[in-house]
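First comes the structure, then the notes that go with it.
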Amino acid sequence: MLHTMYLALAVAMSTTAAPSITITIKSEDGSALTHTPIVQFELERYNIAVQPVGQTDEHGKLSLTFDDRESTKDGDRGYGVYRFLAAPKDRPWALSDLYVWYPDPKKCAVYLDPTFPSFYNADNSNWQYGKRVALKDSDNIEWRVTLPEKRDLTISIYDDWGLPIRNSKIRVFVDMCVLSHTGLGGEYSFGDFTTDSDGRFTLPSAGDFFYSFDCIGGTDSAGQNNGYIAPDAYSYVSTVRCRLISEGQTLVYHRLVNLPLKFTVNDGATGSPIASATVSQVIQFSSAAQGGPIGNTDEHGRFHTDTFHPEHTVEFVVTAEGYAEKRVEYVPNLVEYTVALDPKAAE
């Protein structure tokens, strides 16, 4: 194990005080690790927050309360879902268990359920890291962590053609993968790195939990600049998550390949070309369809691009003033499309 954790619950007599936590960070020889930054994640989906909350003292300790509000009204208290990150500069980071504090047992049970949140209960999520601990008023818990001196890992970045991604900026961060009503949230930056000529970089002081790696740019073996996205079918982002358990981790990204695309748009009644018709691309994700215009026809009713990205494309929409919209199914590997628009009926 990269680090050891000791969790002890001691329930006080009072039933009105908020729960508290004492964090203790030590080295393998038992000495206190002072000035270790501690980051708090608040992961309730409507109240996501990430903030540094202090550093360990001369004894390697930091004590915190889960409620920083003065009001005792339930609606004003700091109920929620919490996790803590120990982020020393020169040692592996450590991630705490998940702490759930709600007065309503039913709501508490939702977050204690290992299948929640359903969209991110897979093996590549920090939602599945550690235990889920229910807290009650006045609980006093401890999180004790022992950190080794060093754990530098070499990460290799390849595309799905088996080629190294060279000279790419890799943004590394710790992502709690909380699914909010506005999207994803709950991340903390680890740093930016650049791959070498073999597509590798060294991640210093790596913890044993899940990190997210955002691949920005890069060149292939022929020196061509390319875009890269995660290989997952449900996403169109450049971030891949990986738990750093062992040396020699390899991350694979899908290389975006530029393809030619041609449209010819004619009047369905006369066969004459339609200038300034708009061709839009529709991209289908797991939750919704997205997309937008990719070009317009010229005076000959033609549109051509050599930089079409087909990933997740399901159809095209062709529109022109005075004509009814037409939807055209995307056919993989089909480069040329001819579309006849029907004039709108006179109102």
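Structure notes:
- Annotation: Asp267 fulfils all but one of (1) loosely packed, with under 13 Cβ neighbours inside 10 Å; (2) farther than 29 Å from Ile229 by Cα; (3) out of contact with any strand residue (DSSP E or B) (no Cβ under 6 Å at 6 or more places or on another chain); the unmet one is (1).
- Residue ID - surrounded by the most Cβ atoms within 10 Å (Cβ to Cβ), chosen from residues in region 302-329 that are in a loop (DSSP other than H, G, I, E, B) and touching a residue at least 24 places away in the same chain (Cβ under 8 Å): Ala320
- Within region 281-338, the set of residues being of a type in the set (S, T, N, Q) and more than 21 Å from Gly271 (Cα to Cα) comprises Gln281, Gln284, Ser286, Ser287, Gln290, Thr305, Thr307, Thr313, Asn333.
- Evaluation of Ser286 against (1) loosely packed, with under 12 Cβ neighbours inside 10 Å; (2) small (Gly, Ala, Ser); (3) modelled with pLDDT of 95 or more (one fails), failing number: (3)
- Pairs, first in the same structural domain as Asp139 (by TED's automatic domain parsing) in region 96-111, second basic (Lys, Arg), C-beta under 6 Å, six or more apart: Ser96/Arg83; Asp97/Lys131; Leu98/Arg83; Leu98/Arg132
- Among residues of region 198-213 that are outside the structural domain of Trp93 (by TED's automatic domain parsing), those with a beta-carbon under 6 Å from a residue that is charged (D, E, K, R) and assigned to a strand (DSSP E or B) at least six positions away or on a different chain give the pairs Gly199/Arg166; Phe210/Arg241; Phe210/Arg243; Ser212/Asp175; Ser212/Arg241.
- Qualifying residue in region 254-270 (condition: under 30 Å from Thr154 (Cα atoms) and touching a Pro at 6+ places or on another chain (Cβ under 6 Å)): yes
- The combined condition, being in contact (Cβ under 8 Å) with a residue 12 or more places away in the chain, in the same structural domain as Gly162 (by TED's automatic domain parsing) and of a type in the set (Ser, Thr, Tyr), is not fulfilled by Ser280.
Residue-by-condition table, conditions (1) aliphatic (A, V, I, L, M); (2) over 24 Å from the mean Cα position of the chain (by Cα); (3) crowded, with 16+ Cβ neighbours inside 10 Å:
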{"position": "Lys89", "(1), (2), (3)": "no, no, no"}
{"position": "Ala94", "(1), (2), (3)": "yes, no, yes"}
{"position": "Asp104", "(1), (2), (3)": "no, yes, no"}
{"position": "Val110", "(1), (2), (3)": "yes, no, no"}
{"position": "Trp127", "(1), (2), (3)": "no, no, yes"}
{"position": "Leu153", "(1), (2), (3)": "yes, no, yes"}
{"position": "Ile165", "(1), (2), (3)": "yes, no, yes"}
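The values are calculated or read from the model by the stated rules, or taken from the named source; none is laboratory data. The shown structure was predicted, so the numbers you read here are calculated from the model rather than taken from an experiment. Cβ: placed from backbone, ideal geometry, glycine included. Neighbour counts: every protein chain shown.
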